[in-house]
Amino acid sequence: MGVFHLPASTTVYDRILQRIQKQLVDRVKTPFEIRLWGDRVYRFGEGEPAVDILVHDRKGLAALGRLDELDICEAYMAGSLDVVGDMMRFVGLRGALSDSHPMNYLWRRIAPWIVGRFTANRQAIAAHYEFDNDFYLEFLDPMTRCYSQAVFERDDETLETAQSRKLNFAIDACDLKPGDRVLDVGGGWGSFTEHAGRRGIQVTALTISHQSERFMKDLVRRRQLPARVLNQDFLRYDSPKPFDAIVILGVMEHLPDYPAVLKRLLRLLKPGGRVYLDASAFREKYVKPTFVSRYIFPGDHSYFCLHDFLAAAAKTPLDVLAVYNDRHSYYLTCKAWAENLEAARDEIIRRWGEALYRRFRLYLWGSAFAFLNRGMEAYRVVLERPREATAH
């Protein structure tokens, strides 16, 4: 990595920037510029800078100097740093940063054992989903309100078209027809509940978010849907009558105990019934950036690990009917969400504050970059309980 303009090291600021340049040599391909107060400008890389990092105070400069991903994210959320230019290229710099916070990782793993699994679940869900419902509707597709990957056939499709295709796929994959009973695990903002309910499919939607519960109950009432909404944890929920199908849209990340999940699926699903699920994924189950684990999905939220899930499923009577790779579709989904968020910047800051806007800007663009560059995976999975199988 070359440096176009690096003043002679006469101050502590210059020495910090020289250290950054030295550690990033040959590790970052994106040309970028760091601007300090007082018009000091440092350029890194070959070509015109794709990103300007504006440093407003000493805390921002210190965070950059530590080359730690979490520190830089926190400085950006606090307003000590700003980013001008290509946000995707900015979050792409993370590959050259450290992210070693073992105590944070340890606490995530042991917290459910200390406070209890179900308490930990509710705390984790509340930390992410108990913002005002209107906040999420500023960046989700307003028609489908689906908070998991869409299924794109072309890059230039609208988010609504791609999300509707995914919802239709879930219904078709489960071979659902009017009058069938479906369990919607983690109903969110009622995307599947409404889509299926409009077809006469009877939906029971589970949530442990009070905001989600209020939103869905109002939706069911206004649209007169054949659905009911329950504030219950899936791993505790029981039904006197088994379901024709179970759908889990973007919720497997919150259900890392796969044997317990599969046991509950068998308990709630009728023989011949099907399960549709989709999820963002990593190839290692508990790998997660510290920024995400601290500020986006706390607790032991874990990206879906396909091979671990399939290994657990192989020990049950459930048949795996299909697996689909949606990595590129999730990139397009997160990119659309991030663009929607930026378009709504002023409204979001006015209503919920700049820190929340900055937090989700990092999260959505960071996720888009991870899917684009194979750092994350995304899958749809279809399962079936054989007609001769018995619940375990």
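The values are calculated or read from the model by the stated rules, or taken from the named source; none is laboratory data. Computed from a predicted model, the values in this text were never measured in an experiment. Positions of Cβ are generated from backbone atoms using ideal geometry, with glycine treated the same way; all protein chains shown enter the neighbour counts.
So, of the residues in the range 252-269 that are within 23 Å of VAL151 (Cα to Cα) and not in a loop (DSSP other than H, G, I, E, B), which turns out to be modelled with the highest pLDDT?
Of all residues in the range 252-269, those within 23 Å of VAL151 (Cα to Cα) come to 252-255.
Retained after the next criterion (residues that are not in a loop (DSSP other than H, G, I, E, B)): 252-254.
Working: MET252: 95, GLU253: 91, HIS254: 89.
Top of the filtered list is MET252.
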(message) Residue under question is SER367, and the condition is that it be at pLDDT 95 or above, more than 16 Å from TYR136 (Cβ to Cβ) and assigned to a helix (DSSP H, G or I); does it hold?
(response) no
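Quick check, is GLY272 at positive phi and either assigned by TED's automatic domain parsing to the domain that holds VAL84 or at pLDDT 95 or above (or both)?
On the way: at positive phi: yes; either assigned by TED's automatic domain parsing to the domain that holds VAL84 or at pLDDT 95 or above (or both): yes.
Spelling it out, GLY272 is indeed at positive phi and either assigned by TED's automatic domain parsing to the domain that holds VAL84 or at pLDDT 95 or above (or both).
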(message) Please go through the range 233-259 and give me each residue that is over 22 Å from the mean Cα position of the chain (by Cα) and surrounded by fewer than 22 Cβ atoms within 10 Å (Cβ to Cβ), ordered by number.
(response) ARG236, TYR237, ASP238, SER239, PRO240, LYS241, PRO242, ASP244, PRO259
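Looking at ARG351, ARG380, ARG361, can you tell me which residue is of a type in the set (D, E, K, R), under 20 Å from the mean Cα position of the chain (by Cα), surrounded by 14 or more Cβ atoms within 10 Å (Cβ to Cβ) and part of a helix (DSSP H, G or I)?
On the way: ARG351 fails: under 20 Å from the mean Cα position of the chain (by Cα); ARG380 fails: part of a helix (DSSP H, G or I).
On inspection, the qualifying residue turns out to be ARG361.
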(request) Considering (1) out of contact with any helix residue (DSSP H, G or I) (no Cβ under 8 Å at 6 or more places or on another chain); (2) surrounded by 18 or more Cβ atoms within 10 Å (Cβ to Cβ), say which one CYS334 fails and leave the rest. (result) (1)
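When you check PHE291 against the structure, is it modelled with pLDDT under 95 and either under 19 Å from SER367 (Cα atoms) or assigned to a helix (DSSP H, G or I) (or both), yes or no?
Working: modelled with pLDDT under 95: yes; either under 19 Å from SER367 (Cα atoms) or assigned to a helix (DSSP H, G or I) (or both): yes.
In short, yes.
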(message) Residues that are farther than 17 Å from GLY250 by Cα, part of a helix (DSSP H, G or I) and not aromatic (Phe, Trp, Tyr): does the range 313-324 have at least one?
(response) yes
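Tally time: how many residues in the range 165-179 are crowded, with 20+ Cβ neighbours inside 10 Å and of a type outside the set (Val, Ile, Thr)?
Taking the range 165-179 and keeping what is crowded, with 20+ Cβ neighbours inside 10 Å, we get 166-167, 170-171, 173-174, 176.
Now narrow it down to the ones that are of a type outside the set (Val, Ile, Thr): 166-167, 170, 173-174, 176.
Looking only at that region, the number is 6.
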(request) Could you list, in sequence order, all residues of the range 1-51 that are at pLDDT 80 or above, basic (Lys, Arg) and in contact with a helix residue (DSSP H, G or I) (Cβ under 7 Å, 6 or more places away or on another chain)? (result) ARG40
